[in-house]
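Here the structure is laid out as structure tokens; the discussion comes afterwards.
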Ligand code: HH2
């Protein structure tokens, strides 16, 4: 561990600005509900591939307490092949168009492609959830500076097609920390204020089970970056491997990860199961309010 890891760079009460939406912390944790408009996502592939089903599901997740809806048109599960830009746009744009303006919460576009992000923002999305932050920074930064959209900047080692083959780190936590710090600095140099940025260690993206556990265990150290942390553990395979359960039986493990991460300082949670996660978070927040 490098000592620099522990030096806070700004006060621990950041705000996150995503277009016309502002999340001012401290406040209750924010749950981002997942809507995958894909035939092949690992947890919900095919269920919301039809735009009408995706729109209905987004409204249902908001009713359950989601404060951001994350729309994705490309599965990034381990081993997934790339989806062509035109196809990704065909999947997500009709859904975003139907949601923006009447959902009441910001829509996020889960994409690695700057052109998909650009058209999604034009169609009404308020933030970009970029699992490819390692690769496309300057194009995304141009968009962010021009639009004021929010940005989830996530760490990934490699590419989805091969990232789980042999993920290797010399010092995992300092490496991921340094990556996120460097991206934050680059974004600022490119005209994107830190207020627009949320950071994510990228559980499952070029990480073994052991790596995911180490990152969760050390999550508190990433709060020194001075930006809200988002955690995406929901239904992921490391939970299945630890508990020996299939994807449909990972709710308890997912909620456990969210609660641990909340205690470590995470402020946003990307989940499939919105209602149980919101309830669990509200419960520990109520307890925390009485801690002396
Ligand atoms: N995980 C997935 C997708 N997008 N974005 C962020 N910021 N953090 C994550 O951990 C994250 C993410 C993978 O989950 P899912 O969307 O459910 O599956 P698929 O990629 O198969 O569509």
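The values are calculated or read from the model by the stated rules, or taken from the named source; none is laboratory data. Just so you know, these numbers come straight off a predicted model, no measurement behind them. Cβ: placed from backbone, ideal geometry, glycine included. Neighbour counts: every protein chain shown.
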Residues within region 96-123 that are more than 14 Å from the ligand (Cβ to nearest atom) and either within 14 Å of residue 54 (Cβ to Cβ) or outside any loop (DSSP other than H, G, I, E, B) (or both), tallied:
15
If you check 230, 281, 267, which single one turns out to be modelled with pLDDT of 95 or more and touching a helix residue (DSSP H, G or I) at 6+ places or on another chain (Cβ under 8 Å)?
281
Can you tell me which condition residue 138 does not meet? The list is (1) in contact (Cβ under 8 Å) with a residue 24 or more places away in the chain; (2) closer than 18 Å to residue 199 by Cβ, and all the others hold.
(2)
Could you tell me whether region 71-78 includes any residue that is modelled with pLDDT of 95 or more, within 23 Å of residue 266 (Cα to Cα) and in contact with a helix residue (DSSP H, G or I) (Cβ under 9 Å, 6 or more places away or on another chain)?
yes
Subset tally (residues that are more than 21 Å from residue 29 (Cβ to Cβ) and within 11 Å of the ligand (Cβ to nearest atom)) for region 208-237:
1
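Would you confirm whether or not region 129-148 contains a residue that is part of a loop (DSSP other than H, G, I, E, B) and at pLDDT 95 or above? Step through it out loud before you land on a result.
Step one: list which residues in region 129-148 are part of a loop (DSSP other than H, G, I, E, B), which gives 131-136, 148.
Then drop every residue that is not at pLDDT 95 or above, which leaves 148.
There is at least one residue in region 129-148 that is part of a loop (DSSP other than H, G, I, E, B) and at pLDDT 95 or above.
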Against the condition part of a helix (DSSP H, G or I) and surrounded by fewer than 17 Cβ atoms within 10 Å (Cβ to Cβ), how does residue 281 come out, does it pass?
no
Filter result (surrounded by fewer than 22 Cβ atoms within 10 Å (Cβ to Cβ), within 16 Å of the ligand (Cβ to nearest atom), part of a loop (DSSP other than H, G, I, E, B) and touching a residue at least 24 places away in the same chain (Cβ under 8 Å)) within region 243-271:
264
Quick check on residue 79: is it away from the ligand (no atom under 16 Å from the Cβ) and either farther than 24 Å from residue 44 by Cα or surrounded by fewer than 18 Cβ atoms within 10 Å (Cβ to Cβ) (or both)?
no
